[in-house]
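*Asks:* Before we start, here is the structure in question, set down as structure tokens.
The values are calculated or read from the model by the stated rules, or taken from the named source; none is laboratory data. In this text, all values refer to a predicted model and were calculated from it rather than measured experimentally. Cβ placement follows ideal geometry from the backbone for every residue including glycine, while neighbour counts extend to all protein chains displayed.
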């Protein structure tokens with residue numbers, strides 16, 4: 001339930017959003033391509049990212065029956081005026097439905113929304129559901145506004161009321177080019193931290209006390225650092241009143257309010273994650289088809305020491321229930 005796509009956006013189409021920085025796809029004709037931002041290369045890619053036939057073939061090889069796709073975060077367009085960002089999000093969501101039309105029984109998709117305007121975000125989330133999206137993917141923050149921001153809570157409440165599941169994906173990672181300039185450190189250090197920040201901003205701010213319990217929200221990449229550092233958070237809550245100021249209950253008591261995916265790449269890490277979250281709160285996520293994703297999708301779950309019931313939940317049952325499939 002965590003895999004990415006990038007549609008065949010042309011340079012001219014991207015220029016309607018921003019000729020210097022908007023993302024588009026440069027296809028080389030040999031099943032390889034480059035995501036571009038304006039005139040600058042952003043990331044080398046291959047055709048499974050935009051070709052549904054290639055994706056289905058790789059799903060068959062991996063014994064994946066159904067895959068849920070979501071936008072590559074560079075597509076979000078959060079930094080643009082809403083007059084440009086809303087049509088952009090609509091076009092990307094229409095593209096996603098077109099990709100799924102190749103085989104709608106095998107491919108499902110999550111929409112993107114313009115978080116810079118919450119009314120427009122709510123509007124597009126509802127429209128996307130009406131045309132076939134089974135949920136929405138959002139970034140874990142918008143500028144300096146984290147998940148506990150009042151506008152964000154308005155959007156989360158809208159999704160809860162309309163039964164729109166949410167996947168929260170880290171993006172625009174902290175640290176920038178100055179401190180994490182090599183070795184993909186933003187992805188290795190800041191990405192798990194961003195994900196934990198999103199979760200803790202909902203817990204420690206008291207946001208979960210305000211949000212409907214019907215909210216379906218999942219955090220990608222195994223919840224980042226959350227499970228491993230939860231003991232540190234609970235200890236801080238017990239010992240420092242500033243931690244308890246807006247959070248009336250022990251932080252670990254809120255694990256029943258959200259889900260995480262399984263993309264942690266180590267059996268010991270996955271077993272800890274399932275122990276912390278419960279076997280009913282973890283769903284198979286791979287980050288396919290990017291190189292930092294799970295290369296043999298589902299192998300981590302199959303290789304871990306779970307009961308057959310837990311394995312079935314992690315591989316498919318939890319996602320079917322979460323997304324209403």
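*Asks:* Can you find even one residue in region 209-221 that is under 27 Å from residue 323 (Cβ atoms), within 20 Å of the chain's Cα centre (by Cα) and assigned to a helix (DSSP H, G or I)?
*Replies:* Yes, that holds for at least one residue.
*Asks:* What pairs come up if the first residue lies in region 262-280 and is farther than 19 Å from residue 169 by Cα, the second is modelled with pLDDT of 95 or more and in a loop (DSSP other than H, G, I, E, B), and their beta carbons are under 9 Å apart, counting only those six or more places apart or on different chains?
*Replies:* If the second residue must be modelled with pLDDT of 95 or more and in a loop (DSSP other than H, G, I, E, B), the pairs left are 271/306; 272/264; 274/262; 274/281; 274/306; 279/306; 279/307.
*Asks:* Condition first: in contact (Cβ under 8 Å) with a residue 40 or more places away in the chain and outside any strand (DSSP E or B). Now tell me which residues in region 10-45 satisfy that.
*Replies:* Within region 10-45, 13, 16, 17, 18, 22 qualify.
*Asks:* Among the listed residues 66, 49, 25, which satisfies the condition of being more than 18 Å from the chain's Cα centre (by Cα) and at pLDDT 95 or above?
*Replies:* Values: 66 fails: more than 18 Å from the chain's Cα centre (by Cα); 49 fails: more than 18 Å from the chain's Cα centre (by Cα).
None of the others qualify; the one that does is 25.
*Asks:* Which residues, taken from region 131-155, are in contact with a strand residue (DSSP E or B) (Cβ under 7 Å, 6 or more places away or on another chain), surrounded by fewer than 23 Cβ atoms within 10 Å (Cβ to Cβ) and closer than 22 Å to residue 191 by Cβ?
*Replies:* Result: 139, single match.
*Asks:* May I pose another question? Would you mind finding the one in 171, 187 that is part of a helix (DSSP H, G or I), surrounded by fewer than 22 Cβ atoms within 10 Å (Cβ to Cβ) and touching a residue at least 40 places away in the same chain (Cβ under 8 Å)?
*Replies:* On the way: 171 fails: part of a helix (DSSP H, G or I).
Sole residue among the options that is part of a helix (DSSP H, G or I), surrounded by fewer than 22 Cβ atoms within 10 Å (Cβ to Cβ) and touching a residue at least 40 places away in the same chain (Cβ under 8 Å): 187.
*Asks:* Filter region 250-265 down to the residues that are over 14 Å from residue 231 (Cα atoms) and assigned to a loop (DSSP other than H, G, I, E, B) and list them by number. Let's see the steps before the verdict.
*Replies:* Within region 250-265, the subset over 14 Å from residue 231 (Cα atoms) is 256-265.
Hits for region 250-265 are 258, 262, 263, 264, 265.
*Asks:* Looking at residue 227 and the list (1) in contact with a strand residue (DSSP E or B) (Cβ under 7 Å, 6 or more places away or on another chain); (2) surrounded by 23 or more Cβ atoms within 10 Å (Cβ to Cβ); (3) under 23 Å from residue 269 (Cα atoms), which single condition is not satisfied?
*Replies:* That leaves (1) as the condition not met.
*Asks:* Could you figure out which of (1) on the phi > 0 side of the Ramachandran plot; (2) touching a helix residue (DSSP H, G or I) at 6+ places or on another chain (Cβ under 7 Å) isn't true of residue 52?
*Replies:* Condition not satisfied by residue 52: (1).
*Asks:* Can you find even one residue in region 16-25 that is out of contact with any strand residue (DSSP E or B) (no Cβ under 8 Å at 6 or more places or on another chain) and buried (at least 17 other Cβ atoms within 10 Å of the Cβ)?
*Replies:* The answer is yes; a qualifying residue exists.
*Asks:* Among the residues of region 145-157, which ones are in a helix (DSSP H, G or I) and either free of Cβ contacts under 8 Å to residues at least 40 places away in the same chain or closer than 20 Å to residue 195 by Cβ (or both)? Lay out the reasoning, then the answer.
*Replies:* First, the residues of region 145-157 that are in a helix (DSSP H, G or I): 150-157.
Those that are in a helix (DSSP H, G or I) and either free of Cβ contacts under 8 Å to residues at least 40 places away in the same chain or closer than 20 Å to residue 195 by Cβ (or both): 150, 151, 152, 153, 154, 155, 156.
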